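The values are calculated or read from the model by the stated rules, or taken from the named source; none is laboratory data. The structure presented is a predicted model; accordingly, all values stated were derived computationally and were not measured. Cβ placement follows ideal geometry from the backbone for every residue including glycine, while neighbour counts extend to all protein chains displayed. Note: areas computed on protein heavy atoms with side chains; ligands, DNA, RNA excluded. Shrake-Rupley method; radii C 1.70, N 1.55, O 1.52, S 1.80 Å.
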There are 4 protein chains.
Amino acid sequence: MDKVRVGILGATSYTGAELVRMLAFHPHVSIEYVSSQSYERKALSSIFPALTGINNDLLISPQEAVGRGGVDCVFSCLPHAASAELLVPVIGKGVKVVDLSADFRIRDINVYKKWYCDDKHPDHPAPHLLEKAVFGLSEHYRGQIAKASIIANPGCYVTSVLLPLLPLLKGGVCIDMIIADSKSGVSGAGRGLKQNTHFPEAHENFSAYSIGHKHRHTPEMEQELSLAAGKPVTMTFSPHLLPVNRGILSTIYITANRTAAECTEIVKKFYANEPFVRVREPSDLPQTANVVHTNYCDIAFTGGTDGLPVIAVSTLDNLVKGASGQALQNMNIMFGLPETAGLMR
Amino acid sequence: MDKVRVGILGATSYTGAELVRMLAFHPHVSIEYVSSQSYERKALSSIFPALTGINNDLLISPQEAVGRGGVDCVFSCLPHAASAELLVPVIGKGVKVVDLSADFRIRDINVYKKWYCDDKHPDHPAPHLLEKAVFGLSEHYRGQIAKASIIANPGCYVTSVLLPLLPLLKGGVCIDMIIADSKSGVSGAGRGLKQNTHFPEAHENFSAYSIGHKHRHTPEMEQELSLAAGKPVTMTFSPHLLPVNRGILSTIYITANRTAAECTEIVKKFYANEPFVRVREPSDLPQTANVVHTNYCDIAFTGGTDGLPVIAVSTLDNLVKGASGQALQNMNIMFGLPETAGLMR
Amino acid sequence: MDKVRVGILGATSYTGAELVRMLAFHPHVSIEYVSSQSYERKALSSIFPALTGINNDLLISPQEAVGRGGVDCVFSCLPHAASAELLVPVIGKGVKVVDLSADFRIRDINVYKKWYCDDKHPDHPAPHLLEKAVFGLSEHYRGQIAKASIIANPGCYVTSVLLPLLPLLKGGVCIDMIIADSKSGVSGAGRGLKQNTHFPEAHENFSAYSIGHKHRHTPEMEQELSLAAGKPVTMTFSPHLLPVNRGILSTIYITANRTAAECTEIVKKFYANEPFVRVREPSDLPQTANVVHTNYCDIAFTGGTDGLPVIAVSTLDNLVKGASGQALQNMNIMFGLPETAGLMR
Amino acid sequence: MDKVRVGILGATSYTGAELVRMLAFHPHVSIEYVSSQSYERKALSSIFPALTGINNDLLISPQEAVGRGGVDCVFSCLPHAASAELLVPVIGKGVKVVDLSADFRIRDINVYKKWYCDDKHPDHPAPHLLEKAVFGLSEHYRGQIAKASIIANPGCYVTSVLLPLLPLLKGGVCIDMIIADSKSGVSGAGRGLKQNTHFPEAHENFSAYSIGHKHRHTPEMEQELSLAAGKPVTMTFSPHLLPVNRGILSTIYITANRTAAECTEIVKKFYANEPFVRVREPSDLPQTANVVHTNYCDIAFTGGTDGLPVIAVSTLDNLVKGASGQALQNMNIMFGLPETAGLMR
């Protein structure tokens, strides 16, 4: 089998470095370049000493990277706006693209503008490409992903909320209210320095942020939930900062016309043949430690007694199933490789 | 001013040791004895080396302790059932008692039996004392606490949920739905060894447990909320295990006929003169790190836009305002001492 | 290539579970059984939910396990004494054995007795097998390991101290004094519950234990250092408990007739072709985060100015290169498999 | 008793905020101003929400602060160079000063220049004041501190190394070799953002830095050890970054003509009447958790068997006994207040 030749933009972000590690050990991939704006000409392993011996390449500039030929697939771990802008010429060349930024996730350009644009970036950098993009939730868009040239890789929180809920909506369950109380490890906030992620302020601390209807992952969740429900869905989304490196756990409260046991049944059936979704019993609730460093998403349903809401609990590694692992899973699908290749560890 | 002479039962629990530390530095208190079943005749400071030089007393057995005279106030940090049983003779002597266990918190004996009794302890050990007990939520029962001889010190989660909600209900706000998604540091699970609180299993992990309507703090919350609402209240309570030593943060979703700003106003007014409740703005949400090692409870309200639930966020130290600090605050009230004595640090 | 058929004794220990994970993804291995005294007939994945879908086998008793045929290699993750005792019949069957306990590490039976025997276990369970055992420090005993039937897999601390020092001694460097100040993550203390590894006591804490010349890994280090030096070596070994799950970092002070740069050179040359040892520059000192979840050992040398000791810093994952990873590396060597198979992740 | 009126420069550093908290609850102190260059005109409690209700003052600029009268004592938590420069006019006014920076710690101006000066700050800002400064190691310079106008508050690592060793040297013990292997919580690195103290890089990580003879606290230790020994002392100092918020533990290896038991005896006698030094038995080694949030330094001696070095283990809270607590202790001594005032908690 010919190796898939890949390039990585934004390789010095946490998602970028995780992707490099996984791709380096992927049996059917060769990494052609790693790229970084800030660390051009330095070795990636000088920024991430953990990668010494795994990838010893020098980082090239994004401009040089997108000008290069010789790759079959480009992963972008760049921030939104920057990502779409740089990817335009790549896509022009017929190369397949997996974009881990938010740029191609939102189907409605006005929703994108409302949540992502500001004075500095007043417009979407490539609106004409939006309709070519496929939302890369592997278990739900596998068929389209296989034929796509642009994958909009879902947000980490988003994946943790959609995987338990979409099978219910697709299965005809009526859901009246959705509250997702999510908790994420600090790597989800990225490698950039901020006061609230300075060790002495995040450690032995726990806090809520952007709760209610303010976090940028909200419209992405609502878009996909609405599509599955066949009607507009509005929801509460409350992210919290968890003093761990990796892992998201979402506790999701729903008012539904089904018991927790019925929900378990529906979701279990839906994911019966999926290698990366594990549906658990209420006596064995998901825990972040069971999924970190893997591409698994664990799900369980409980609650719903005494007329109270049903509760879904889901967990995944924000850097793996929530980002780079799912990106690689999507690449496997696009190139007809075994879907679990490079993801079993 | 004569010193209040106190004794501590269960001094080798986490709440017991925290209480000893605070009482040792209290200007109007003298510790007459510290007691422990498991470590009788050992120095408390040999179990908690941090207390060396702060309290060097030998631990006496609970049986010896309750037989002793010469104390004005007894704190019990024993587990439920054991606590009430041991306290009976103490109360007979006219000594004031602050019980940190659940034994006197539930006013309805049948509710107590349903949630706390089992084959080993089929009955409440002292049902005749229930009506003498005052629920020790200091800010809400101050007048009764001042005259009480038995204080049922509230649960840690309970305090974090009641402090933001009671002023709303007392202020006439109609609340239809309550979901408390709470996260607690591991010291809340006590000093006893369990697999899920073994360091390598709790660290870099996050999990939900007893979620829905299963945790023993649920009936205690529902009891007080119902009293304030003037009608039965049922709620969802979802505790989670947070990989920190101390601190509880509750994210509470309510459907109310008020905006978040109105809730803030009502609660701010209610606690205007309270030394230990700080009501914050939505731009400055409570964080556990701001309250640990103190007797503060921080509260804020946000959300409620787009027809979605209002969200209360509250935080406190489970060992201080959630247990020993509030116990000491109640003692101050009972003995007419300045309410903040021994609590400013 | 035929798969190597393996069995794992003590599969519910931390090293056992880590080994199962690695072996499950090893391309040339099939796991024939997983065994546990305490959890017989339960699924391994019910004890370690993280392994769901990776290994779903029921645990069998050690007695049943050692009676079974059909395996080429048995890994023992049992405690010392228990391990050698159970392995005797296995070895009799001509099966190859990798013992992760201390039972076959100490070549001198009297040294073993001094450090490991007590009233309960007054003798070594299988002294006649001692001379057949090969010390499984892969990089230093590769030739013997390839032909061995019993591998005594080295201790975690031991590996972190020997890998930097042995090449110096073998290269003729004279070392007068050795002080190893080592720090280990809590998983090194095992899965059994103890007060000092209870989360609230280990978290936000740091402590020394068994420092000086008291820890059981000391004689194992001294044995191998003495062999390499060609004369008796005595050393100070000071372990500390680090509030992380995984990772050992050893800071080793030596008085040597070489500079740090010369030591770097010697060690770099020694490990030039080794896939799992990375020798770093003093400007890029080893950190535990760079090696956890991998089979790498990172090493650097610095200090030695102003007439002061040279300092070696080494780091590895106590559960991987310090235990199960090295065990698997040794199995690869014994069965002629590629040495890195199953270890790249 | 008239209150001591104090001002704090650099109040938004970690040591500054800790000092404000302690001073706010000190019975004989009134805080006249809090100052910060970066956050002028903001409330200190907006930067440290934990201080809400404890100190609600607006921050004034350092320039305004040093121009103000009406204070008896100024604490500087500014960085070196900036600190001495700003303090010059204050000292001119006869106000007492406690400087937590390194500016007045080094008695030999050339040593200061070698370790602290660079192109940007080529000279000491106030060399003429050096001889007026007293080294503020409270237990060793109490007499001089009582009469001093400038206190050079010792470094955190320095205090942890000097407290166990000085009594030995003063007691005539001959020490040939000193290696201090120290581990510090991340708050010791300050509030400024750096990549290595970004949560995801410091958490679940452990690393050495500036080890050997490179860290700026080395000359300060050597200066005081040399004074006590009556001859030049050179030592190895190896700091490490510990993934905890607070706490330093130093493991100190010495070659001495005394056993560990004899060292324990000498040091116990020396500190017999000290409220903040606790000398422990080898069976009860110091742990950081026993001293954090307090002004204690815990010390024990062990090792020394088999001809190996004696080992001192010491621990303190880097922000309390290692900085602000000792600063406050020094203020108490300077103003004739009870030495433990404001420090018991």
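Numbers for the structure displayed
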item	result
Within-10-Å neighbourhood charge of D:ALA81 [Cβ basis; K, R +1; D, E -1]	-3
Nearest residue to the symmetry axis between A and C, taken on chain A by its Cβ, in whole Å	A:ARG345, 2
About the Cα centre, charge dipole magnitude for segment D:78-198 (Lys/Arg +1, Asp/Glu -1 at Cβ), debye	320 debye
Rel. contact order, % - alpha carbon contacts under 8 angstrom, at least six apart, segment B:72-114	46 percent
Solvent-accessible surface ranking, highest first, for D:ASP57, B:ASP306 at 1.4 angstrom	B:ASP306, D:ASP57
Positive minus negative residues near A:ILE109 (Lys, Arg vs Asp, Glu; Cβ under 15 Å)	0
Virtual spin-label span in nm between D:LYS147 and A:ASP176, 7 Å along Cα→Cβ	8.2 nm
Ranked packing of D:203-213, D:66-76, most packed first, by mean Cβ within 10 Å	D:203-213, D:66-76
Summed buried accessible surface, chains B and A, 1.4 Å probe, nearest 100 Å²	3100 Å²
Fraction of antiparallel bridges per DSSP, chain B only, in percent to nearest 5	45 percent
Candidate lysines - alpha carbon under 20 Å from A:LYS42, same-chain residues fewer than 8 apart omitted	D:LYS194
Centre separation in Å (Cα based) which lies between segment A:22-93 and segment B:171-195	45 Å
Shape call, the protein assembly as shown: gyration tensor on alpha carbons, a/c limit 1.5	rounded
Using alpha-carbon coordinates, inclination of helix C:260-270 to the longest axis of chain C, degrees	40 degrees
Segment D:321-345 and segment B:103-167: distance between their alpha carbon centers, rounded to Å	42 Å
Shielding by other protein chains, B:49-62, mean Cβ within 10 Å	3
Total charge dipole magnitude, the protein assembly as shown, about the Cα centre, Cβ charges on Lys, Arg, Asp, Glu only, Debye to nearest 20	0 debye
Assigned charges on the beta-carbon of Lys, Arg, Asp, Glu; segment A:192-345 dipole about Cα centre (debye)	240 debye
Percent accessible area from carbon and sulfur atoms, segment A:192-341, protein chains only, probe 1.4 Å	51 percent
Selection from B:MET22, B:SER45, B:VAL66, by position along the positive dipole direction of segment B:13-125 (Cβ)	B:MET22
Ascending list, in nanometres, of distances separating the A:PRO232 label from those of the other copies (7 Å, Cα toward Cβ)	3.8, 8.1, 8.6
Helix-only CD estimate at 222 nm, as mean residue ellipticity for chain A, using -39500 (n - 2.57) per DSSP H run (n ≥ 4)	-8500 deg cm²/dmol
Nm distances between copies for B:VAL88, ranked from closest, using label points 7 Å along Cα→Cβ	5.7, 7.8, 8.3
Tensor-based shape of segment C:209-253 (alpha-carbon gyration tensor, a/c under 1.5 rounded, otherwise prolate or oblate)	prolate
For segment D:198-345, with +1 on Lys and Arg beta carbons and -1 on Asp and Glu, the positive-most of D:ASN332, D:VAL292, D:ASN205 along the dipole	D:ASN332
Net charge, D:ALA229 excluded, C-beta distance under 13 Å - Lys, Arg +1, Asp, Glu -1	-1
Probe 1.4 Å, accessible area per residue of segment A:79-146, Å²	46 Å²
Sequence-distant aspartates and glutamates (8 or more away, or on other chains) whose Cα lies within less than 17 Å of A:LYS93	A:GLU32, A:GLU64, A:ASP72, A:GLU85
Charge-dipole axis of segment C:244-323 as Lys and Arg at +1 and Asp and Glu at -1 on Cβ define it, positive-most pick from C:LEU319, C:ASN273, C:VAL244	C:LEU319
Where labels lie 7 Å past Cα in the beta-carbon direction, separation of D:LEU227 and C:GLU64 in nm	7.2 nm
